[in-house]
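Every read-out reported here was derived from the displayed coordinates using simple, explicitly stated rules and does not represent laboratory data. Here the structure is a predicted model, which is why all the values come from computation and not from measurement. In this analysis, Cβ positions are derived from the backbone assuming ideal geometry, glycine residues included, and neighbour counts consider all displayed protein chains.
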Amino acid sequence: MTTGFNTMTDDINAKGAWRIETRTKLSGLFSIAAIAVVVLMAAAPFAVSRGVVQDLFFILTMLTLAQSWNLLAGYAGLISVGQQLFVGCGAYALFGLVILAGVDPLIAIPLAGLLAALVAIPTAFFSFRLYGPYFAIGTWVIAEVGRLLLAQWKALGGGTGTSLPRDATRDMLGLSALGDWFGMRPAAAADALAYWLALALAVATITLIYKLLRSKHGLGLAAVRDNETAARALGVDALRLKSAIYLLTAFVTGMVGALIYLQKARISPDAAFSLTDWTAYVVFIVVIGGIGTIEGPLLGVLVFFALQNAFSSYGSWYLLALGALAIVTMLFAPQGLWGLISRRTGWELFPVRRLLKGGPASFDTMGGPNG
Amino acid sequence: MSWLDTLLQGVLLGGLYALFAAGLSLVFGIMRLVNLAHGDLIVLAAFLILLIVSTLGLDPFVAAVIAAPLMFGLGWLLQYHLLNRTLGKDILPPLLVTFGLSIVIQNGLLETFTADSKRVSTGALETASIQLAGINAGLMPLLTFASAVAVIVALNQLIYRTALGRAFRATSDDVVTARLMGIRPNSIFAIATGLAMMIVTVAALYLGTRANFDPTSGPSRLIYAFEAVIIGGLGSLWGTLAGGVILGVAQTVGASINPEWQILSGHIAFLLVLLLRPRGLFPRAVD
């Protein structure tokens, strides 16, 4: 990061007066706790039942989808309701690569992500032409186009879809090793492998977003969000930044899509391009947890999972209540649950704000409206 | 001759899409609000008409006349108490609230009316047709198109000839100055959404009598409405009609080649317009 920002920091440090910090005492403690949690979660397949591993897999994949939608909508201001396009494209890419080209599923997952990112290029070309709110519906239309086109792909079952052949997943890379080392049965080993991939993807996504937001690009993004004209005047290339984030989220979403459907082993255009499953739920997770924060989706996915377990048997009533909850949150607590918590406690687990510390006078003695 | 027939069916279908779109266009023009629940509100109105028809045994057209003021009231309340709170510089709250609303309405309808697809019967009118230059044209599609034209003429009269229309335009141009002139934007917005819901009722009447509908048909109606608005260009109601017609023709032509391509060819026409004329064919508004 060789920008003016760095030299400014150096100047300030040189005087020994002010420091710019992006770390808090709490975030230091939290990062240690987070590492411990990830290690514990990595050990889960050895300790808990397959059902729990599958639940955790669901939580992790939804978390990754939520984090990438949050980056898109909460930070880059690109409110897409068409992310199911990338889930669907990723999933279909996996099925196509495995069934038609005989690629190993493990290798097909990153390729599926790349393919989704490739699809995102023309998608961005079209949808970026639409003003603010119309962008949302534009992405939705393109997702519909994707669904309708893939329903024409007869080799993968057309409108009714198809299943992943059993031997394709049975011979997956790493499965026999898991069986040899830990004595896992093939089905359990497949679950564990998918789970570890989901865990790795979730951790990588959160780390990437965290690093991105703390970088100068993150600063540029915040500037664009607050005032796009002013940010552009200061040399932030808003369009390039937004396009890059759009492609990045497509890549991540595509990989998650591939992973989810590797686990499901059965695909149909309506399911893979489902607005409810891959966008509505994700939007609710982010809104209820707190949009525009990294902590929000983490909290949101836990709330969502709890609600899902408790009430999903009520079917439509459950969805209705979830929608109503999102509306109420947006109206009365637009920062979501995490916003309520952090406002009361001042906690920041993933600090991305730059804090000014030190200086000749303490903050208590400063006057003025900002004192 | 069959090509001419396809073309006519497409044009008439376009009338229905223009009806879907007019309400969306009105609301966007006045308060820059994109209502993601628009399609679900159309379906809600269709169920309301169905309910009136089946319980009171009335003709669908009379039922729509009863439903229209009810829908106006619903739109007014919705805007005044819910959507007005979300308006502002940030586009996120209105989008997410109307998205939530869309899910709420869909699932509310599912619980109330089940997932079965329904239809409002218009009796003999359903199959009635007249000869137009040697082509058979259904009376209902013709009526749909005529209604679309009537709605657009009426809206244009309202917007450019009445005091209320002046208030609409003033609020659309500059909320702060309009407020200084004694206009209360919150009520103006509520009236506008109420009006949009009356148009939605007209659209619902023809949606319900033309084909089957079920609680989940809302989102695709929203998409057609949106495509018609964008093809026509923002801010022009006649453009919206033209957009609806182009969409309708693209769909019927696509369907005549392969029935599976109907919806897809509509989307492709939309993307082509977006590619060649990103501001639509007859743009009027600056944004």
Taking only Cα atoms, what is the 0 to 90° angle, nearest 10, from helix B:262-276's long axis to the longest principal axis of chain B? 50 degrees
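Would you mind working out the magnitude of the charge dipole of the range A:123-256 relative to its Cα centre, with +1 at each Lys and Arg C-beta and -1 at each Asp and Glu C-beta, to the nearest 20 Debye? Intermediate results must be reported in sequence, preceding the final value.
Numbers: 13 positive and 8 negative charges, 66 e Å.
It comes to approximately 320 debye.
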What angle, in degrees between 0 and 90 and rounded to the nearest 10, separates the Cα long axis of helix B:163-173 from the longest principal axis of the Cα atoms of chain B? 80 degrees
Take the Cα atoms of the range A:22-274, find their three principal axes, and give me the spread along each one in whole Å, biggest first. 60, 53, 24
Could you grab the relative contact order for chain B? Cα pairs under 8 Å, six or more apart, rounded to a whole percent. 36 percent
So how do B:HIS267, A:HIS217 line up by other beta-carbon neighbours within 10 Å, fewest first? A:HIS217, B:HIS267
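So if each residue of separation counts as 0.36 nm, and I subtract the Cα-Cα distance between B:THR127 and B:LEU4, what length gain in nm does that give? Before the final figure, lay out the partial values.
Working: separation 123, 0.36 × 123 = 44.28 nm, distance 2.01 nm.
Value of the extension gain: 42.3 nm.
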Give the shape of the range A:271-340 as rounded, prolate or oblate, defined through the alpha-carbon gyration tensor: a ≥ b ≥ c are the square roots of its eigenvalues, a/c under 1.5 means rounded, and otherwise the shape is prolate if a/b is larger than b/c and oblate if not. prolate
Degrees separating the helix A:105-127 axis from the principal Cα axis of chain A, which is the longest one: 60 degrees
May I have the extent of the alpha carbons of chain B along their three principal axes, as whole Å values ordered from largest to smallest? 59, 48, 34
In a Gaussian network model of chain A with springs linking alpha carbons closer than 10 Å, the residue among A:ALA101, A:ALA238, A:ALA333 that fluctuates most is A:ALA101
11 Å cut-off, amide nitrogen to a point 7 angstrom out along A:PHE128 Cα→Cβ, residues in the range A:207-240: A:238-240
If the chain between B:ARG169 and B:LEU70 were fully extended at 0.36 nm per residue, the gain over the current Cα-Cα distance would be 33.1 nm
Can you give the percent of C-alpha pairs in the range B:165-287 whose distance is more than 21 Å? 52 percent
Would you order A:GLU21, B:GLU111, B:GLU227, A:GLU348 from fewest to most other beta-carbon atoms within 10 Å of each residue's own beta-carbon? A:GLU21, B:GLU111, A:GLU348, B:GLU227
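Can you figure out the FRET efficiency of A:ARG166 with A:VAL328, using R₀ = 56 Å and their beta-carbon distance, to the nearest 0.05?
0.75
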Top positive-direction residue, dipole computed over the range A:22-274 with Cβ charges, set A:LEU234, A:GLY88, A:LEU111: A:LEU234
Using the beta-carbon distance between A:PHE182 and B:SER54 and R0 = 56 Å, what value does 1/(1 + (r/R0)^6) give for FRET efficiency, to the nearest 0.05? 0.35
Of B:LEU96, B:LEU132, B:LEU271, the most mobile residue in a GNM of chain B (C-alpha springs, cutoff 10 Å) is B:LEU132
Which log10 I(q)/I(0) values does the protein assembly as shown give at q = 0.06 Å⁻¹ under the Debye formula, counting every alpha carbon as one identical point scatterer? -0.37
Out of A:LEU71, A:GLY218, A:LEU201, whose Cα points farthest toward the positive end of the dipole of chain A (charges: +1 Lys, Arg; -1 Asp, Glu; placed on Cβ)? A:GLY218
Span from the the range A:76-138 Cα centroid across to the the range A:290-325 one, whole angstrom: 25 Å
Just want the ordering: B:LEU247, B:LEU274, from fewest to most Cβ atoms lying within 10 Å of their own Cβ. B:LEU274, B:LEU247
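Only Lys, Arg, Asp and Glu count, each charged at its Cβ (+1, +1, -1, -1), so figure out the dipole size of the protein assembly as shown about its Cα centre, rounded to 20 debye. Walk me through the numbers on the way to the answer.
Values: 40 positive and 31 negative charges, 277 e Å.
The calculated dipole for the protein assembly as shown is roughly 1320 debye.
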Mean-square fluctuation maximum in Gaussian network of chain B, Cα pairs under 10 Å, restricted to B:LEU222, B:LEU195, B:LEU164, hits B:LEU164
Tell me the label-point distance for the pair B:ASN258, A:TYR318, using the 7 Å Cα-to-Cβ offset, in nm and rounded to one decimal. 3.8 nm
At 222 nm, what helix-only mean residue ellipticity would the protein assembly as shown give, in deg cm²/dmol to the nearest 500, using -39500 (n - 2.57) for each DSSP H run of four or more? -23000 deg cm²/dmol
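Of the listed pairs A:LYS25/A:LYS216; A:LYS264/B:LYS118; A:LYS211/B:LYS89; A:LYS25/A:LYS211; A:LYS154/B:LYS118; A:LYS216/A:LYS242, which have alpha-carbon separations greater than 26 Å here?
Values: A:LYS25/A:LYS216 23 Å; A:LYS264/B:LYS118 33 Å; A:LYS211/B:LYS89 29 Å; A:LYS25/A:LYS211 18 Å; A:LYS154/B:LYS118 31 Å; A:LYS216/A:LYS242 14 Å.
As for pairs spanning more than 26 Å Cα to Cα, those are A:LYS264/B:LYS118; A:LYS211/B:LYS89; A:LYS154/B:LYS118.
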Charges on Cβ only, +1 for Lys and Arg, -1 for Asp and Glu, centred on the Cα centroid of the protein assembly as shown; of B:MET71, B:PHE189, A:VAL282, which one is farthest towards the dipole's positive end? B:PHE189
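If I take R0 = 25 Å and measure r between the Cβ atoms of A:ALA310 and A:ALA42 in this structure, what FRET efficiency does the formula 1/(1 + (r/R0)^6) give, to the nearest 0.05? Don't skip to the end; give the middle numbers.
On the way: r = 28 Å, r/R0 = 1.10.
Step by step, r from the Cβ atoms, then E = 0.35.
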